[in-house]
Structure formats: structure tokens, C-alpha cells
Amino acid sequence: LSMGKVLESVEALGTCIALRPESPWAYSSRAFALLQLKRFAEAERDVDKAVILNPKQRPSQLNRGVIYLQQKKYQQAMADFAAVLEPPQEQRLIEGAYYLGLAHSQLGDNKNALKEFNAVVAANPRMRPVYYYRAVIHFANGNDELGLEDLDTYIANGGQIDRDGWKIHGVHGHLLRAIHSELPSARRLSLIHISE
């Protein structure tokens, strides 16, 4: 699966399931592979089986939420993400807040999306993608300085460009062009001026 051979991984995980049908790990992993193939019904079946086999296994519940989110089944997805964030603290999966933020953002609720993304940054400041999505919200809200700051962090966390070097400006321009189409029309003109 890590080599991008998704079909082969589905077959291999099918063998794992045949040999150890009571192991939730194989079902959950195969569900993730099936998700990449957009075979949603099969992915849901597998991840449901993983959750049934071990209801306390939060990664399976997180995977199920991602499968729901990919299908825009927001209510089910958000319930799973909220569940993996429940106490005790040592068992919370902060990825649940990241995906909750994505769900809120897709639903147009930037206030709650930003709240979840802020929680992710507080818990795990090395979680790179959150900075991109948070930047989009900052730009949409007219907080250009915060948006640029998050873009800097997003780029720097990639580890390939010096935050204070000249190359970061070219990457800024590329990312700002990508963000441009995601913003309300009233904010697009402002973003063009930033990128110039």
C-alpha cells in the first residue's frame, strides 16, 4: 500500500483476513485501500467489521469517518471524528479534529473549522496540512497576515525551503493562486494584490 500498489494490497489484506478473520487491523487497512479505489460500499463494510470486532480501536473509527467524509456523509463522519476525540486524553486522536475541521470547512462553517484547526496546531504543530487549510480560512476572513504566516509554516514544515530564503516567495505565489479559487469573490481581488 505504501508503494502505491493498491490493488495488490487489497488482495494481500484479503489473505490476512482469510487467515485471521477476527483481526480488526486487516479489515481497517483494507478499508483504507478500498477507499483509495473509491469502492466506498466495500470500504464501509470492512471498516464496520473492524469497529464491531474492537469497538475501542479508535483508528478504525477514524478511518470510517474519513470514508464517510469522502462521500459527503457529514453527519456520520463528524460523529466518528468526535468519538475519537473523547477522553481519556492519552487515547484521543487529534487527527479527528483535523478531519472535523475539513468537514466544517466543506459545509461552509469557517468558525468551527478554524476552532478545530487551532486545536490541531496546539496539539501537534508538525501536522503540516492543517496550516494550508487554516490559511484559506484566514484569507477568506480578511486576515491576510495570518494567512501568509500559515503559508510560511506550511512551506517550512515541508522541510525543503528556508522560511527566510528567497524561494519561499515563488512558492507563496503558487499556493496563493491555488487558494484564489477557493475564496469568496469579494476576497479574490485582495489576494491578487498580496501575490503581486
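The values are calculated or read from the model by the stated rules, or taken from the named source; none is laboratory data. Owing to the predicted nature of the structure, the values given are computational and were not obtained by experimental measurement. Every residue, glycine as well, gets a Cβ built from its backbone with ideal geometry; the counts of neighbours run over all protein chains shown. For accessibility, only protein heavy atoms count, side chains too; no ligands or nucleic acids. Shrake-Rupley method; radii C 1.70, N 1.55, O 1.52, S 1.80 Å.
Condition first: among the small types (Gly, Ala, Ser) and either closer than 20 Å to Tyr98 by Cα or outside any helix (DSSP H, G or I) (or both). Now tell me which residues in region 32-69 satisfy that. Step through it out loud before you land on a result.
Filtering region 32-69 for residues among the small types (Gly, Ala, Ser) gives 33, 41, 43, 50, 60, 65.
The answer is Ser60, Gly65.
Take the residues of region 25-52 that are among the aliphatic types (A, V, I, L, M) and open to solvent by 50 Å² or more (accessible area, probe 1.4 Å): which is farthest from Asp80 (Cα to Cα)? Spell out how you get there, then give the answer.
Of the residues in region 25-52, the ones among the aliphatic types (A, V, I, L, M) are 26, 31, 33-35, 37, 41, 43, 47, 50-52.
Within this subset, residues satisfying the condition of being open to solvent by 50 Å² or more (accessible area, probe 1.4 Å) are 37, 41, 52.
Details: Leu37: 22, Ala41: 17, Ile52: 14 Å.
So, considering only residues that are among the aliphatic types (A, V, I, L, M) and open to solvent by 50 Å² or more (accessible area, probe 1.4 Å), the one farthest from Asp80 (Cα to Cα) is Leu37.
Do you know which of the residues in region 70-82 that are in a helix (DSSP H, G or I) and of a type outside the set (Phe, Trp, Tyr) is most open to solvent (accessible area, probe 1.4 Å)? Quick ask: steps written out before the conclusion?
Keep residues of region 70-82 that are in a helix (DSSP H, G or I), which gives 70, 74-82.
From the residues that got through so far, the ones that are of a type outside the set (Phe, Trp, Tyr) too are 70, 75-80, 82.
Numbers: Gln70: 104, Gln75: 159, Gln76: 82, Ala77: 0, Met78: 41, Ala79: 60, Asp80: 8, Ala82: 43 Å².
Across region 70-82, the extreme among qualifying residues is Gln75.
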Problem set entry | Long-range neighbours under 6 Å by Cβ, at least six apart or interchain, first residue more than 17 Å from Asp46 (Cβ to Cβ) and at pLDDT 95 or above within region 68-82, second aromatic (Phe, Trp, Tyr) and in a helix (DSSP H, G or I) | Phe81/Tyr99
Exercise. Does any residue of region 15-24 turn out to be surrounded by 14 or more Cβ atoms within 10 Å (Cβ to Cβ), at pLDDT below 95 and outside any helix (DSSP H, G or I)?
Worked result: yes
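Condition check ((1) more than 19 Å from Leu62 (Cα to Cα); (2) open to solvent by 40 Å² or more (accessible area, probe 1.4 Å)) across all residues:
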{"residue": "Gly96", "(1), (2)": "no, no"}
{"residue": "His104", "(1), (2)": "no, no"}
{"residue": "Asp109", "(1), (2)": "yes, yes"}
{"residue": "Leu114", "(1), (2)": "yes, no"}
{"residue": "Val120", "(1), (2)": "no, no"}
{"residue": "Asn124", "(1), (2)": "no, yes"}
{"residue": "Tyr132", "(1), (2)": "yes, no"}
{"residue": "Ala135", "(1), (2)": "yes, no"}
{"residue": "Asn141", "(1), (2)": "yes, yes"}
